[in-house]
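Notes follow once the structure below has been shown.
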Amino acid sequence: MTNKHEGIDNHLDFGELGVPNLLQAYKQQTRMLVDELDDCWSEVRKSKQMITKLVQMNDKLAKQLAVLKVEHEKVRWQLSDMNLKAGLEAGRLLTPGSNVHQGYKR
């Protein structure tokens with residue numbers, strides 16, 4: 001039994017029509033996949049570099065945040081001390097028997 005397409009292959013060269021044969025199609029597909037893979041690896045390298053920069057930025061910001069937290073805590077204690085002193089001074093001035101209005105005499 002003969003293949004009914006066998007005669008077509010022998011008499012018609014698809015290369016003449018601009019249609020690639022199977023091997024040429026596979027080679028072209030392989031080249032396209034390799035190019036796409038190269039592009040992907042290039043993006044991976046760039047992404048790794050960006051990640052490294054972001055990690056460094058995060059470390060720097062974390063250190064700055066720690067310094068600011070310490071400074072914030074110091075300012076809170078200073079404000080608390082100032083409020084305590086102001087409250088004690090106000091309490092001293094308002095205690096019964098103290099002369100709040102020095103110019104006022106009864």
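Filter segment 13-25 down to the residues that are surrounded by 10 or more Cβ atoms within 10 Å (Cβ to Cβ) and outside any helix (DSSP H, G or I), then identify the one that is modelled with the highest pLDDT.
That would be ASN21.
So if I check each of GLN28, GLN78, which one is modelled with pLDDT of 90 or more, part of a helix (DSSP H, G or I), surrounded by 10 or more Cβ atoms within 10 Å (Cβ to Cβ) and touching a Pro at 6+ places or on another chain (Cβ under 8 Å)?
GLN28
The values are calculated or read from the model by the stated rules, or taken from the named source; none is laboratory data. Remember, predicted model here, so these are calculated numbers, not experimental data. As a convention, Cβ positions derive from the backbone with ideal geometry for all residues, glycine included, and neighbour counts pool all protein chains shown.
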